[in-house]
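The values are calculated or read from the model by the stated rules, or taken from the named source; none is laboratory data. All of these numbers come straight from a predicted model, not from anything done at the bench. All Cβ positions, even for glycine, are placed from backbone atoms using ideal geometry, and neighbour counts span all protein chains on display. We work out accessible area using only protein heavy atoms, side chains counted, and drop any ligands, DNA or RNA first. Shrake-Rupley method; radii C 1.70, N 1.55, O 1.52, S 1.80 Å.
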Amino acid sequence: MDNIKIITTEDGSHSLYHEELKETYHSFHGALQESVHVFIEKGLRFWRTKSGLPKQVDIFEVGFGTGLNALLAAHFAMENEVKINFTTIEPFPLDMEIISQLNYATSIDGDDLKATFEQIHTSIWGEKVEINPYFSIHKIKKKLENLQIDQKFDVLFFDAFAPSKQAELWTADLMQKCFNLLKDGGVFTTYSAKGQLKRDLKSVGFEVETLPGPPGKKEMVRAKVN
Ligand SMILES: C[S@@+](CC[C@H](N)C(=O)[O-])C[C@H]1O[C@@H](n2cnc3c(N)ncnc32)[C@H](O)[C@@H]1O
């Protein structure tokens, strides 16, 4: 993977730079801050609070990448003693050589999550794997465009590369697919706040909100199935 380089973002957490796409895997202003804000706080915690703090959450992620969102969800699950079943899709898994250099496992609330991070990455693709009593992961090695799955989810983390770099993932058709992947009351979150995205989300039936973004980014989008 010579085209992928490790970078350090402004909050001290690592991210990756994809040289062909000329795109980073996270915000340069802070990978960890962005993921916590957009996916954990505005997605997972929001859904759980509005749903009366249920003891199980089914999450679907588009773009497993470095596994940072999976690790944050596992950390949330252990802290809140809630069972999270995390399903994630990624057609281009990263090499362990890169993953093993990332500093996420020691960057979250001073906890040592090295074993959990390693288990998340070494778990077999294509099967649901119980990592601990609070967290399971099911990694699917496919493109979102080709996904066929019967299951529905409570929260959807949409973490594809930016619309300017990977427009084919931000179409109304794929937003319809995301809508269909969610249960009633389900929540979709993403770091982008593009006008076309908001129009597409509305057109397929979502109720759309524009929220303040993480540090360095003005806005983000959350969309609900009502
Ligand atoms: C913004 S990055 C990853 C972010 C990831 N959640 C993380 O924390 O590292 C986008 C990811 O989407 C993946 N991807 C590319 N094409 C895809 C597709 N067609 N369907 C699903 N994921 C795709 C990329 O390989 C990349 O890992």
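At-a-glance table
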| quantity | calculated |
| --- | --- |
| Of all residues in region 147-162 being away from the ligand (no atom under 12 Å from the Cβ) and of a type in the set (D, E, K, R), the one that is surrounded by the fewest Cβ atoms within 10 Å (Cβ to Cβ) | ASP150 |
| Filter result (surrounded by fewer than 21 Cβ atoms within 10 Å (Cβ to Cβ) and hydroxyl-bearing (Ser, Thr, Tyr)) within region 184-207 | SER192, SER203 |
| Residue match in region 117-133 (condition: in a helix (DSSP H, G or I), more than 13 Å from the ligand (Cβ to nearest atom) and either modelled with pLDDT under 95 or closer than 21 Å to LEU156 by Cα (or both)) | no |
| Residue that is surrounded by the most Cβ atoms within 10 Å (Cβ to Cβ) [pool: residues in region 69-102 that are acidic (Asp, Glu) and away from the ligand (no atom under 14 Å from the Cβ)] | GLU79 |
| Residue in region 174-183 that is in contact with a Ser or Thr (Cβ under 6 Å, 6 or more places away or on another chain), open to solvent by 10 Å² or more (accessible area, probe 1.4 Å) and away from the ligand (no atom under 11 Å from the Cβ) present | no |
| Test: residue in region 172-191 that is in contact with a strand residue (DSSP E or B) (Cβ under 8 Å, 6 or more places away or on another chain), at pLDDT 95 or above and farther than 22 Å from SER51 by Cβ | yes |
| Residue list for region 6-38, filter: within 13 Å of the ligand (Cβ to nearest atom), over 17 Å from the mean Cα position of the chain (by Cα), in a loop (DSSP other than H, G, I, E, B) and of a type outside the set (D, E, K, R) | THR9, LEU21 |
